[in-house]
Amino acid sequence: DLHDTPVTPGAFDDEPTITRSVEIVHRAVDKAIEGGIPPERVVIGGFSQGAALAFISTLRYSQRLGGCVMLSGWPPFVNTEPIAQSANAKTDFFIAHGLSDSVVSAECAQMTAEALSAAGVPARMRLYPGMAHSSCGAEMADLGRFLEDVLPP
């Protein structure tokens, strides 16, 4: 749950709840891989809290994945997570955020991109003027291009 809005860099991270949620995401990814989907064709993504979960789930996954999508989210544990040591330290991240978001500050997108870049993780950040805590056509078009790049035929 969100404790305060807007969410800003350095917001409270509920370690026990996030860790349980990461385990659920990891089980879903494991099941997809066991079903025959190669890990490099798996992209974890989400919006808002789901984006925060996608960020940490990707970084904590034991195999390299195809990508991570963060729409209007924030990076939990960004100051303590050993990003450069992750199996996904070379996995592409797509970070998108509206500049008029009053629920999750756009500063969170900047913080995410900076932390990933500092660790050598490829990150594409896109900011959308006038977009609130929602989505827009330009964002979806950019997301489509990202997915085409990380999941080639």
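The values are calculated or read from the model by the stated rules, or taken from the named source; none is laboratory data. Predicted model only: the values in this text are computed from it and were never measured. Cβ: placed from backbone, ideal geometry, glycine included. Neighbour counts: every protein chain shown. Side chains are part of the model used for accessible areas, which takes the heavy atoms of the whole protein and leaves out ligands, DNA and RNA. Shrake-Rupley method; radii C 1.70, N 1.55, O 1.52, S 1.80 Å.
Determine, yes or no, whether Arg60 is basic (Lys, Arg), touching a His at 6+ places or on another chain (Cβ under 9 Å) and open to solvent by 10 Å² or more (accessible area, probe 1.4 Å). Here the answer is yes, as Arg60 does meet what is asked. Scanning the stretch 142-153 for residues that are open to solvent by less than 50 Å² (accessible area, probe 1.4 Å), of a type in the set (A, V, I, L, M, F, W, C) and either at pLDDT below 95 or within 13 Å of Leu71 (Cβ to Cβ) (or both) returns Leu143, Phe146. Considering the stretch 120-140, the residues that are in contact with a helix residue (DSSP H, G or I) (Cβ under 7 Å, 6 or more places away or on another chain) and over 18 Å from Ser48 (Cα atoms) include one that is most open to solvent (accessible area, probe 1.4 Å), namely Gly120. If Tyr128 satisfies every condition in (1) in contact with a Pro (Cβ under 8 Å, 6 or more places away or on another chain); (2) closer than 25 Å to Asp4 by Cβ but one, which is the exception? Here Tyr128 clears every test but (1).
Close Cβ contacts (under 7 Å, 6 or more residues apart or on different chains) running from residues in the stretch 35-58 that are under 10 Å from Trp74 (Cα atoms) to residues that are polar (S, T, N, Q) and part of a helix (DSSP H, G or I) comprise Leu53/Ser21; Phe55/Thr112. Note on the stretch 65-100: residues that are part of a loop (DSSP other than H, G, I, E, B), in contact with a Ser or Thr (Cβ under 6 Å, 6 or more places away or on another chain) and not small (Gly, Ala, Ser) total 3. Pick from the stretch 96-117 the residues that are in contact (Cβ under 8 Å) with a residue 12 or more places away in the chain, small (Gly, Ala, Ser) and open to solvent by 40 Å² or more (accessible area, probe 1.4 Å): which of them is farthest from Trp74 (Cα to Cα)? It comes out as Ser100. Here the condition is being open to solvent by less than 50 Å² (accessible area, probe 1.4 Å) and either at pLDDT below 95 or farther than 24 Å from Ala118 by Cβ (or both); of Val43, Val29, Val69, Val22, it holds for Val29 alone.
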